[in-house]
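I have a structure here, written as structure tokens, and I will follow up with some questions on it.
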Amino acid sequence: MAAFRKSGNTASPDRSSAAPPGACKPDVATTIDEVRGRVALHRRRHEGAVGLVPTMGSFHEGHLSLMRAARAETEFVAVSIFVNPAQFGAVEDFDSYPRDTGGDLALAAGEGVDLFFITDSGEMYPAGHESTISTGSVAEGLCGQARPGHFSGVATVVAKLLNIVGPDSVFLGQKDAQQVAVIRRMVKDLDFDVEIRVCPTVREPGGLAMSSRNAYLSPEEKDQARALYLALREAREQVAAGETGAARIRRQMRRAIAANYLVELEYAKIVDPETMQPVQEITGEVLAAVAAKVGPARLIDNMILSP
Ligand code: AMP
């Protein structure tokens, strides 16, 4: 197995301590050329399908569940770790976003990942880089409203990663439902030859959706943040019991969340799961989506509601 570690690169942790005894150590690449070389070698050997799990690191069970799904469905699993500045606004948490590459590799050591692509802006956006993906209406509502440019940044980096790795399947979390919709739209519109696999949201025991940003929360904030999950669950139950009025569901979600003084609701909406456009009358599957500020963290969550 070729080793792709660049010496002197702070983004490349010591792999020798990352894997438990007996586990197969993944390669770690820090450049696009290294990734292409490793995937090409796999392709030349006709060793089966390639799966990609794009992440910003700071792994939790949600990330690991994507790696497991990729491991189960593809023969070569590539995981990228890149905190992508293009998807953070000027006043957002890019600088303070949790980063722990060594811990990430240790956590993922048992997941059978073949290749980690741990990279940085110098590699992904070298001087002169100016082409981006322009997103449409699917990226305008919900988080797109509070985070202008966010989904263009997401789509651009995912397009680049798809071109760099050339996977057969890309594994994404339902937790970021609008991100999934934006990437689905891009893959369709720009004819990327990749299958999109969406994995269920992994939650803390109390229901809070796992997120790297949960690390920002105090115990009390974490407890109150559960209101997002509880409001979504109640909405799901109401729709399953026959409620068809989206406005009533939205009101109920807002009321339930407002009862928690540490949770500052940004939106609680009912939308079409594919287009992200608002729905008034619930006649088929819809997506209930919420976003809120809790202390220093901006949290999102969602649930599919079926009549
Ligand atoms: P991030 O590192 O936050 O960019 O997330 C990388 C991938 O992990 C994205 O596809 C996310 O949707 C997915 N993900 C994040 N949190 C969860 C979760 N709690 N459950 C399932 N997938 C998740």
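Please treat every number below as a calculation from the coordinates, not as lab data. Since the structure is predicted, the reported quantities are computational estimates derived from the model, not experimental observations. Because the Cβ atoms are built from the backbone with ideal geometry, glycine has one as well, and the counts that use them run over all protein chains shown.
Excluding VAL50 itself, what net charge comes from residues whose Cβ is under 13 Å from its Cβ, given Lys and Arg +1 and Asp and Glu -1?
Taking every other residue near VAL50 into account, the sum is 0.
Same structure, new question: Once amide H atoms are placed 1.01 Å from N in the peptide plane, what residues at a sequence separation of 5 or more from CYS199, or on another chain, have their amide H within under 5 Å of its amide H?
The answer is LEU172, GLY173, GLN174.
So for the pair GLU264, GLN277, with labels modelled 7 Å out along Cα→Cβ, what separation do we get in nm?
Label at GLU264, label at GLN277, 3.3 nm between them.
How many nm separate the modelled label positions at PHE94 and GLU140, each set 7 Å beyond the Cα in the direction of the Cβ?
Roughly 2.6 nm, to one decimal.
Just need the Rg to Rh number for segment 212-305, please, alpha carbons only, Kirkwood Rh.
0.99
With a 10 Å cut-off between alpha carbons and a GNM built on the chain, which of SER121, SER212, SER80 moves the most?
Comparing SER121, SER212, SER80 in a Gaussian network model of the chain, the most mobile one is SER121.
OK, next. As a check on your grasp of the helix formula, calculate [θ] at 222 nm for the chain: sum -39500 (n - 2.57) over DSSP H runs of n ≥ 4, divide by the residue count, round to the nearest 500.
Value at 222 nm, helices only, nearest 500: -10500 deg cm²/dmol.
If you take the beta carbon distance between ALA127 and ILE196 as r and set R0 to 25 Å, what does 1/(1 + (r/R0)^6) give as a FRET efficiency, to the nearest 0.05?
0.20
In whole Hz, what ³J(HN,Hα) sequence does segment 157-164 give by Karplus (6.51, -1.76, 1.60; θ = phi - 60°), x for Gly and Pro?
Going residue by residue, I get 5, 5, 4, 4, 5, 5, 6, 6 Hz, with x marking Gly and Pro.
By how many nm would the segment from ARG248 to GLU234 lengthen if fully extended, with 0.36 nm per residue of separation less the alpha-carbon distance?
3.8 nm
Moving on. If the cut-off is 20 Å between C-alpha atoms, which aspartates and glutamates fall inside it for LYS188, apart from same-chain ones fewer than 8 positions away?
Within the straight-line cut-off, LYS188 pairs with GLU140, ASP168, ASP176, ASP272, GLU274.
Just to be sure I understand: if I project the alpha-carbon convex hull of segment 5-199 onto a plane and average over all orientations, what area do I get in nm²?
11.1 nm²
According to a simple spin-label model (label point 7 Å from Cα along Cα-to-Cβ), what is the distance in nm between ARG43 and ASP189?
Roughly 2.6 nm, to one decimal.
To continue, here is another question. Amide H of THR119: which non-local residues (sequence gap of 5 or more, or other chain) have their own amide H closer than 5 Å, using H built in the peptide plane?
When sequence neighbours closer than 5 places are left aside, the close amide H contacts are ILE81.
Give a residue-ordered list of calculated ³J(HN,Hα) values for segment 249-264 (Karplus: 6.51 cos²θ - 1.76 cosθ + 1.60, θ = phi - 60°; whole Hz; x for Gly, Pro).
For segment 249-264, the Karplus-derived couplings read 5, 4, 4, 4, 5, 4, 4, 5, 6, 5, 5, 10, 5, 8, 9, 9 Hz, x marking Gly and Pro.
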